[in-house]
Amino acid sequence: QTGLTEMYEFTLGEFGTKMTGYRKSYSKFPIANVNYINNSVLNAVASKEKDTEKYYIGIYAGTFILLNELFLRMMSSPNILPHIGDVSKEDPTKKLFNPQQFDLDTYFIAKPDEENIMPKDTKRQLYASLFTKTALNFLFDHEYAHIAFGHVDYLATQQNIFTISEDEILNDIPLNSQTLEMDADSFAAHQGLGLLKSINDTPSQLPEYRREFFCDWKNGLSNWFFSIYCLFRIFGYKNFEHSKLLKYSHPPTGIRQRLIAGSLYNYFTKNLNVGIEQEFWEIHHDAIDNVEKAFNEISETILNRNAIDFAYTPEAGKHMKLIVDNWNNVRPKLEKYANGYLVGQ
């Protein structure tokens, strides 16, 4: 419990520090009240108060605890990311019937009594914590992008929708919604990339205990991908019908991953010269494989990766192009509401 409380306070502090930094770089970026919501389900929201300019970001307590439990369970397994720490200290994998839990209440019912999922190796404990913090920071950046780039204001004005939720299908605007999600994902991904760059440029700015997680581009990017893709795996890995791709509020998990990777690769090749451009896609695919292996290692049932594999089909490629091309329709609608730089300006 003490560990959870400390991480709760630490992550809220990081969110506030990040927002202060963004507002120094972009003076028009708004202030948002950020907090955890006392709700057991897996969700996060960005919203504004009706008839005011007060903005809110809420990350559900269920998300916070489920992510923390997920990464602790993974790192307590000697078969998951065995290159980290000393796995000989760890016991056999602790499994759940299905680790893709969307509600904390059902998770605790499924969880064995008196189970200890704390890794015995201290380095693996540390990595579990850093994976959780990385995922939560991505989630914060994603929600903040919905506010900073006018998504929330646009929906409030045009659709009378004052909250963007990570588990909600928006009526009448599914393709626009998927494009907004792409924009928010892109901002959050680029912030993660910016962190890796600043750390590799000046590693002394980060506490020593956190440096190994981010040290060198290949290692840092691999850990970042693993954390974010685990987040997507529990948030968005649900059955979907190919014929209804245009009706979902969020792109399917695999497509989101591929869109993020494509955006980061373009940035790597155009703006950075760090020596891993040729290895980028191998790092990306290895991270996906590691995530899929990790989930299956802690699951009593066999989990399929259909949503991931589908993302690399011609049908998914066409859908991705629709989402990306739709930015030309969405961007003009956001201009009067955006508080910062819009891609294409």
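Residue by residue, here is whether (1) more than 20 Å from LYS247 (Cα to Cα); (2) over 13 Å from the mean Cα position of the chain (by Cα) holds:
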residue: LYS133; (1), (2): yes, no
residue: PHE149; (1), (2): yes, yes
residue: ILE164; (1), (2): no, yes
residue: PRO174; (1), (2): no, yes
residue: SER186; (1), (2): yes, no
residue: GLN191; (1), (2): yes, no
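Quick test of your reading of the structure: GLY340 fulfils all but one of (1) open to solvent by 10 Å² or more (accessible area, probe 1.4 Å); (2) over 30 Å from GLU53 (Cα atoms). Name the failing condition by number. That leaves (2) as the condition not met. Is it the case that region 224-233 has a residue that's open to solvent by 30 Å² or more (accessible area, probe 1.4 Å) and part of a helix (DSSP H, G or I)? No, every residue in region 224-233 fails to be open to solvent by 30 Å² or more (accessible area, probe 1.4 Å) and part of a helix (DSSP H, G or I). Taken together, ASN33, ASN43, ASN68 contain a single residue that is among the polar types (S, T, N, Q), surrounded by 18 or more Cβ atoms within 10 Å (Cβ to Cβ), out of contact with any Cys (no Cβ under 7 Å at 6 or more places or on another chain) and within 19 Å of ILE147 (Cα to Cα), which is ASN43.
Among the residues that make up region 296-307, is at least one of them β-branched (Val, Ile, Thr), open to solvent by less than 70 Å² (accessible area, probe 1.4 Å) and within 20 Å of the chain's Cα centre (by Cα)? There is no residue in region 296-307 that is β-branched (Val, Ile, Thr), open to solvent by less than 70 Å² (accessible area, probe 1.4 Å) and within 20 Å of the chain's Cα centre (by Cα).
The condition (being free of Cβ contacts under 8 Å to residues at least 24 places away in the same chain and open to solvent by 40 Å² or more (accessible area, probe 1.4 Å)) is satisfied by just one residue among PRO92, PRO78: PRO92. Listed by first and then second residue, the pairs linking a residue in region 1-30 that is part of a helix (DSSP H, G or I) and β-branched (Val, Ile, Thr) to a residue that is modelled with pLDDT under 95 and open to solvent by less than 30 Å² (accessible area, probe 1.4 Å), with Cβ atoms under 7 Å apart and 6 or more places separating them unless they lie on different chains, are THR11/LYS133. Annotation: ILE276 fulfils all but one of (1) open to solvent by 40 Å² or more (accessible area, probe 1.4 Å); (2) more than 28 Å from PHE149 (Cβ to Cβ); (3) over 22 Å from the mean Cα position of the chain (by Cα); the unmet one is (1). I need the full set of residues from region 258-307 which are small (Gly, Ala, Ser) and either at pLDDT below 85 or closer than 18 Å to HIS83 by Cβ (or both), in order please. Within region 258-307, GLY275, ALA287, ALA294, ALA307 meet the criteria. The residues on offer are PHE187, PHE213, and the sole one that is under 28 Å from GLY150 (Cβ atoms) and in contact with a Phe, Trp or Tyr (Cβ under 9 Å, 6 or more places away or on another chain) is PHE187. Identify, by number, the condition in (1) within 30 Å of GLN125 (Cβ to Cβ); (2) surrounded by 17 or more Cβ atoms within 10 Å (Cβ to Cβ) that GLU6 doesn't meet. Unmet for GLU6, out of (1) within 30 Å of GLN125 (Cβ to Cβ); (2) surrounded by 17 or more Cβ atoms within 10 Å (Cβ to Cβ): (2). Each residue in region 95-110 was checked for being open to solvent by 40 Å² or more (accessible area, probe 1.4 Å) and closer than 16 Å to GLU292 by Cα, and 3 of them qualify.
Could you count how many residues in region 308-337 are open to solvent by less than 40 Å² (accessible area, probe 1.4 Å), over 26 Å from LEU231 (Cα atoms) and free of Cβ contacts under 8 Å to residues at least 12 places away in the same chain?
Qualifying residue count, region 308-337: 0.
Scanning region 294-334 for residues that are β-branched (Val, Ile, Thr) and outside any loop (DSSP other than H, G, I, E, B) yields ILE308, ILE323, VAL324, VAL330.
The values are calculated or read from the model by the stated rules, or taken from the named source; none is laboratory data. Everything numeric in this text was worked out from a predicted model, so none of it was measured. Ideal geometry is used to build each Cβ from the backbone, glycine not excepted, and the neighbour counts take in all protein chains shown. For accessibility, only protein heavy atoms count, side chains too; no ligands or nucleic acids. Shrake-Rupley method; radii C 1.70, N 1.55, O 1.52, S 1.80 Å.
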